[in-house]
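Notes follow once the structure below has been shown.
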Amino acid sequence: MDHWVVVPEQPGFVGDRTVVDAATSPPTVERAHFVFTRQPTDGLIGAGPLVLVDRETAEALEDNVFGEVSLHPADLDTDPASGLLRVPDFVWCQVHGQAGMLDIGLTEDGRLVMSGQALLVFHSFGGGIDNATISEWLG
């Protein structure tokens, strides 16, 4: 099964209320806080091990039963300088899988890795992943 490293669009930054256990490998996000500096265009966004998805993508992930992820509310804000009037509707997609073992996983350094099947779901639902950087994972 081919796998791909996916670097999501980053329309903001990881907020200071994010809690990450860096002692684990990969780092484990225990609480998600993201601050938008602009309107996202993709349905997958984030930085490092913090992954967020729009509502339609979240529903598609649940329908496709990717057991290596769980969906949770995220603490979302907008940067006052951004001019955004409302917070985009995203949820935290906590990734539990190990890179290359299942459809969605994290490398030891926290990079997101997906199978071709998972990529298809992300391409097909929600905002897509047109602005993500995707490269072959050599694992």
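Each reported figure results from applying straightforward, stated rules to the coordinates on display, with no laboratory input. Since we're looking at a predicted model, the values are computed, not measured. When we count neighbours, we look across all protein chains shown, and the Cβ atoms used for this are built from the backbone with ideal geometry, even at glycine.
When the chain is treated as a Gaussian network with alpha carbon springs shorter than 10 Å, the biggest mean-square fluctuation among Leu84, Leu50, Leu71 belongs to Leu84. Taking other C-beta atoms within 10 Å as the exposure proxy, Phe90, Phe122 rank Phe122, Phe90 from fewest upward. Spacing of the modelled spin labels on Ser82 and Met101, each 7 Å from Cα toward Cβ, amounts to 3.4 nm.
In a fully extended conformation the segment linking Leu71 and Trp4 would gain 22.0 nm over its present Cα-Cα distance, using 0.36 nm per residue. Here region 3-136 is treated with +1 on each Lys and Arg Cβ and -1 on each Asp and Glu Cβ, and its dipole about the Cα centre works out to around 200 debye.
FRET efficiency for the Ser135 to Arg38 pair, using the beta carbon distance and R₀ = 35 Å, is estimated at 0.90. What is the distance in Å between the Cα centroid of region 89-133 and that of region 8-23? Cα centroid of region 89-133 versus Cα centroid of region 8-23: 16 Å apart.
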